[in-house]
1. Can you tell me which residues in the range 202-237 are in contact with a helix residue (DSSP H, G or I) (Cβ under 9 Å, 6 or more places away or on another chain), among the β-branched types (V, I, T) and open to solvent by 20 Å² or more (accessible area, probe 1.4 Å)?
2. Could you check, for the range 593-613, whether at least one of its residues is part of a loop (DSSP other than H, G, I, E, B), within 24 Å of L494 (Cα to Cα) and not aliphatic (A, V, I, L, M)?
3. So, in the range 54-82, exactly how many residues are modelled with pLDDT under 95 and under 34 Å from the mean Cα position of the chain (by Cα)?
4. Among the residues of the range 238-265, which ones are assigned to a loop (DSSP other than H, G, I, E, B) and either within 27 Å of I94 (Cβ to Cβ) or out of contact with any Leu (no Cβ under 9 Å at 6 or more places or on another chain) (or both)?
5. Scan the range 380-391 and report the pairs whose first residue is among the polar types (S, T, N, Q) and whose second residue is modelled with pLDDT of 80 or more, with Cβ atoms within less than 7 Å and a gap of 6+ or a chain change.
6. Sort out which residues of the range 538-554 are surrounded by fewer than 16 Cβ atoms within 10 Å (Cβ to Cβ) and either at pLDDT 95 or above or touching a Phe, Trp or Tyr at 6+ places or on another chain (Cβ under 6 Å) (or both), and write them in order of number.
7. Could you list, in sequence order, all residues of the range 290-314 that are open to solvent by less than 30 Å² (accessible area, probe 1.4 Å), out of contact with any Cys (no Cβ under 7 Å at 6 or more places or on another chain) and farther than 19 Å from P176 by Cα?
8. For the range 291-299, does any single residue satisfy the condition of being within 16 Å of R204 (Cβ to Cβ) and assigned to a loop (DSSP other than H, G, I, E, B)?
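The values are calculated or read from the model by the stated rules, or taken from the named source; none is laboratory data. From a predicted model like this one, the values you see are computed outputs, not experimental measurements. Every residue, glycine as well, gets a Cβ built from its backbone with ideal geometry; the counts of neighbours run over all protein chains shown. Calculation scope for accessible area: heavy atoms of the full protein, side chains included, ligands and nucleic acids excluded. Shrake-Rupley method; radii C 1.70, N 1.55, O 1.52, S 1.80 Å.
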Amino acid sequence: GFTRDPSTGERKFFAEYLTNAQGEDVVAGIRTPLHIDELKKNLPAVFDELEKIYGKLEKHYKDMLDIEFTVQDGKLYMLQTRIGKRTAAASLRIAIEMVKEKLIDRKTAIMRIDPGQLDTLMHPSFDPKTPVNVIGKGLPASPGAAVGKVVFFAEDAEQWAARGEKVILVRTETSPEDIGGMDAAQGILTARGGMTSHAAVVARGMGKCCVAGCTALQIDEKEKIMVLEPHAIREGEPITLNGSTGEVILGQVPLVQPELTGDFHTILKWADEIREMGVRANADTPADARMARKFGAEGIGLVRTEHMFFEEGRVQAVREMILADDTEGRKKALKKILPMQRNDFVEIFKVMDGLPVTIRLLDPPLHEFLPKTDEELRAIAEDMGVPFHKLQARNKALHEFNPMLGHRGCRLGITYPEIYEMQVEAIMDAACQVAREKVKAIPEIMIPLIADVKELSVMREMTVRIAEEVLKRYKVKVHYDVGTMIEIARAALLAHEIAPEADFYSFGTNDLTQTTFGLSRDDAGRFLPYYVEHGIFEHDPFITIDRKGVGLLMKMAIDSSRKIKKGMKMGICGEQVDPRSVEFCYEIGLTYVSGSPYRLPVARLAAAQATLTKKMKAGLSRATV
């Protein structure tokens, strides 16, 4: 039996018994047990004694218990007791009700909740009683479950969804151009990519189920068929994804929709009263920002401005800008983009009124925005009034062998300053506009991929110059900061040199992990699960921060920089907000952690537990002394 209902947490004895039984009868499922209420009818004295004992045990252990008992010749014998397993919903209810019953205090209640369980409450899941046919396995890139018909192109996902179909977008890998289709789909399945691949990061931001890096998956886009041996699934046939386990399931599985109860919000409120580290959201759109506030964000730790470029009607202007072969051509195209970006920032600032918003200037290599077919390229050539062959040559010239280590981040801003100038102007224009409407914008402009202080010096000078010009034009006061991402090992090692030029740091742990380990976050998913399974790595370093290497670099950067600037604001925006990473970030002194909106409840609870753990350790140390 259980001293409370392990499914719901209700304060009610939940037990079964079997007359004339050996334990094997129950274990083997040979006979069906009776409800405990039958014992009350048949042996009332035994039931009353059992009730007193389980109540006494629960008061002593101050938790919901799993008990085993037997009755022989009318005498009750207690066999064993232990802490009872329970569902996520039951875990919250039991903790809160035990506080009300004065069995435990709020701190104990918070420490008793597994932060990972909160994730299961926020996403659709399977009915565990339903049998499933698992046909493949990838990485559990974004939790939850999704059912839909297979489609292979983002455009198809949008069209099918528009006519009321539920779809699963299946791709070899996704790119920023697939955003519309990803948004329209119920879930995403990719053959390549790791836990911090584009598909994984975007899906988590949208709160969508995603299975990435399913290496056994073969996709024939031309024939519109996917193969997971021995199964071949054509476009329009249904599959089910389990983003919490990485399983790909044949056919449709019934889903259970999540319900966020008052208990969920109560625990998070208690956690917020205890935690000492801030929690922000990674959010790229006004809709993301609204979701972030709903889940308790205290600001935005990362706005990826490149995601704005793929909104409808924008990508053409972006491509014109990239394919232009001189500064004037780029500026002409950028004039079309500026009001679009400004309007996005206006809406984000309004949603986050009074909270800081860290905006990363353009980071990915330009080839990600380029057309992939001659047909698209011809359309741009026609719009620009440029010969097709000229654009074709320019398009080829922009492709790089290793673009993630190539012409991206601040390297773009230094060689094509007009791009970053446009973005800074759009940010400050938006901040000044909302200031006139009595909305408090707090922009933090972040320069990505710094490897040397000179890069940041050049970019800071440009940013301040443009910002001051805009402030002068509007004649309003807006406080802004200029900082950088620490995502290259050299920057972490030389952080003390960079600190004088930075108002804040944000650690981009995805790229810092890539460059420290020499791992591709998109390709390492092929072998990292094997490494973890066989004990070569304790954890996947793209999920949980590697304390020995990446963590050491972070700590060195923090300590050396705060000797230059005491109390310097520092955060993390690399999506590593699992409980172990949050605890580490608190230990090394980060100001805040930042992750996708749907991961904020986990981060809030984990941050509170990190605070309590540190205080508990400090108390034990004092007691030892």
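1. Passing the criteria: only T215.
2. no
3. So the answer is 0.
4. G243, S244, T245, G251, Q252, V253, P254, Q257, P258, E259, L260, T261
5. none
6. Answer for the range 538-554, where residues must be surrounded by fewer than 16 Cβ atoms within 10 Å (Cβ to Cβ) and either at pLDDT 95 or above or touching a Phe, Trp or Tyr at 6+ places or on another chain (Cβ under 6 Å) (or both): K548, G549, L552.
7. A292, F295, G296, A297, G299, I300
8. Checking the range 291-299: at least one residue is within 16 Å of R204 (Cβ to Cβ) and assigned to a loop (DSSP other than H, G, I, E, B).
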